[in-house]
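Asks: My questions will all concern the structure given below.
The values are calculated or read from the model by the stated rules, or taken from the named source; none is laboratory data. What you are looking at is a predicted structure, and each value in this text was computed from that prediction instead of being measured. No Cβ is skipped: glycine too gets one built from the backbone with ideal geometry, and neighbour counts run over all protein chains shown. Accessible surface is based on the protein model in full, side chains and every heavy atom, while ligands, DNA and RNA are left aside. Shrake-Rupley method; radii C 1.70, N 1.55, O 1.52, S 1.80 Å.
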Amino acid sequence: MRTRLSRRITLNILALGVFAFSVFPVYWMVLTAFKPTKDIQAETPSFLPTNITFSHFSTAVHADGFWLFWRNSAFVAISGVLLALVVACLAAFAVGRMRWKGRQAFILMVFVAQMTPWEALLIPMYVIARDTNMLDKLPMLTLIYFMMTLPFTIVTLRGFLNAIPIELEEAAQVDGCNQFQAFRRIVFPLLAPGLLSTSLFGFITAWNEFAFANLLIIKEQNQRTLPVWLSSFSNTFGTDWGATMAAATLFMLPVLLIFLVLQGRVTTGVAAGAVKG
């Protein structure tokens, strides 16, 4: 009994240590965003807020291009995720409910695409964008984010779809629905937690993506996204670390708010998507 208790205490302490190690950079970023400049540049750092200022946030939101790049990021992230959800719903239904030649090979290809590091495709994507005259264009980024989020969305929705009893669709077909109508009226509403969870993770991936946005947006600076703009923010303001941390905090805020609002449904969707995957 004592051995189990001591082991549990040790694991809890280790978990708290890992949590503190992971959260501390975010805490320091937010804390710096609210610190006055003189406290940021002080020789002895303070780990608790003493004086709070919002001037750094004012500097960030009034910086040249902040709202333009925010809209660009929102456009490419939301568009890519919506495209992935539409295609993934159809693909998940095809591999989860239908039996056709090449189905297993298709599923294997989806898993391979999911495991492929996207950094390896930077040069091929640049060549394709250059040859198709799609450099410096947001639709190209949208297509790339669509391809990045599609495999994960298919895999997750397939697992979630397999957890829905097929008898529900069969009962709807007995009542006169065809296969598509049964999916639209019966299965699709039950997929809501899975759709929310996959869309959130896809949005996070697209919202935070930097490499492709930095590589493909070269000349048209007004087509940049917020991560690319944020990388040059400190150079623009020199040593104004308060404004830089405030901009980073504002960049993190949309994803954090969406996750807090959808937390319960996201947890349900991830758990259900792991069943019978």
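Asks: Go through 35-48, 76-89 and give me the packing order, highest mean Cβ count within 10 Å leading.
Replies: Answer by packing, highest mean first, reads 76-89, 35-48.
Asks: When the Cα atoms of segment 1-64 are enclosed in a convex hull and the volume is divided per residue, what value in Å³ results?
Replies: Taking the convex hull of the Cα positions in segment 1-64, it is 121 Å³ per residue.
Asks: Just how many % of Cα pairs in segment 1-148 lie over 19 Å apart, if you round to the nearest whole percent?
Replies: It works out to 75 percent of all Cα pairs.
Asks: Let me ask something else about it. For segment 116-219, list log₁₀ I(q)/I(0) at each q in 0.10, 0.24 Å⁻¹, using the Debye formula over Cα point scatterers of equal strength and ignoring solvent, two decimals each.
Replies: -0.43, -1.20
Asks: How do the peptides 9-17, 110-118 rank, highest first, by the average count of neighbouring beta carbon atoms within 10 Å per residue?
Replies: The most tightly packed comes first, giving 110-118, 9-17.
Asks: Relative to the compact globular guide of 2.2 N^0.38 Å, what is the alpha carbon radius of gyration of segment 40-89, as a ratio?
Replies: 1.95
Asks: Of the peptides 19-25, 248-254, how do they stack up when ordered by the mean number of other Cβ atoms within 10 Å, highest first?
Replies: Order by mean packing, descending: 248-254, 19-25.
Asks: So what's the chain giving for Rg/Rh, alpha carbon basis, Kirkwood Rh from the mean inverse pair distance?
Replies: Ratio of gyration radius to Kirkwood radius for the chain: 1.06.
Asks: How many percent of the accessible area of the chain is carbon or sulfur, using a 1.4 Å probe?
Replies: Ligands and nucleic acids excluded, carbon and sulfur give 69 percent.
Asks: Then there's this: Can you work out the accessible area per residue across segment 1-142, with the rest of the protein chains kept in place, probe 1.4 Å, in square angstrom?
Replies: 68 Å²
Asks: Further question on the same structure: Hey, how many Å between the Cα centroid of segment 151-195 and the Cα centroid of segment 6-79?
Replies: Cα centres, segment 151-195 to segment 6-79: 41 Å.
Asks: Before rounding to the nearest 500, sum -39500 (n - 2.57) across all DSSP H runs of length at least 4 in the chain and divide by the residue total; then give [θ] at 222 nm in deg cm²/dmol.
Replies: Result for the chain: -24000 deg cm²/dmol, rounded to the nearest 500.
Asks: Based on the alpha-carbon gyration tensor of segment 103-162, what equivalent-ellipsoid semi-axes (square roots of 5 times the eigenvalues) come out, in whole Å, largest first?
Replies: 27, 13, 9
Asks: Then there's this: Checking understanding here: applying a Kyte-Doolittle mean of at least 1.6 and a length along the axis of at least 20 Å (C-alpha), which whole DSSP H helices in the chain pass?
Replies: Answer set is 66-97.
Asks: Work out how much length M109 to Q41 would gain on full extension: take 0.36 nm times their residue separation and subtract the Cα-Cα distance, in nm to one decimal.
Replies: Separation in residues times 0.36 nm, less the Cα-Cα distance, equals 19.3 nm.
Asks: For segment 166-222, just the Cα atoms, rotate onto the principal axes and tell me the three extents in Å, largest first.
Replies: The Cα atoms of segment 166-222 stretch 58, 19, 15 Å along their principal axes.
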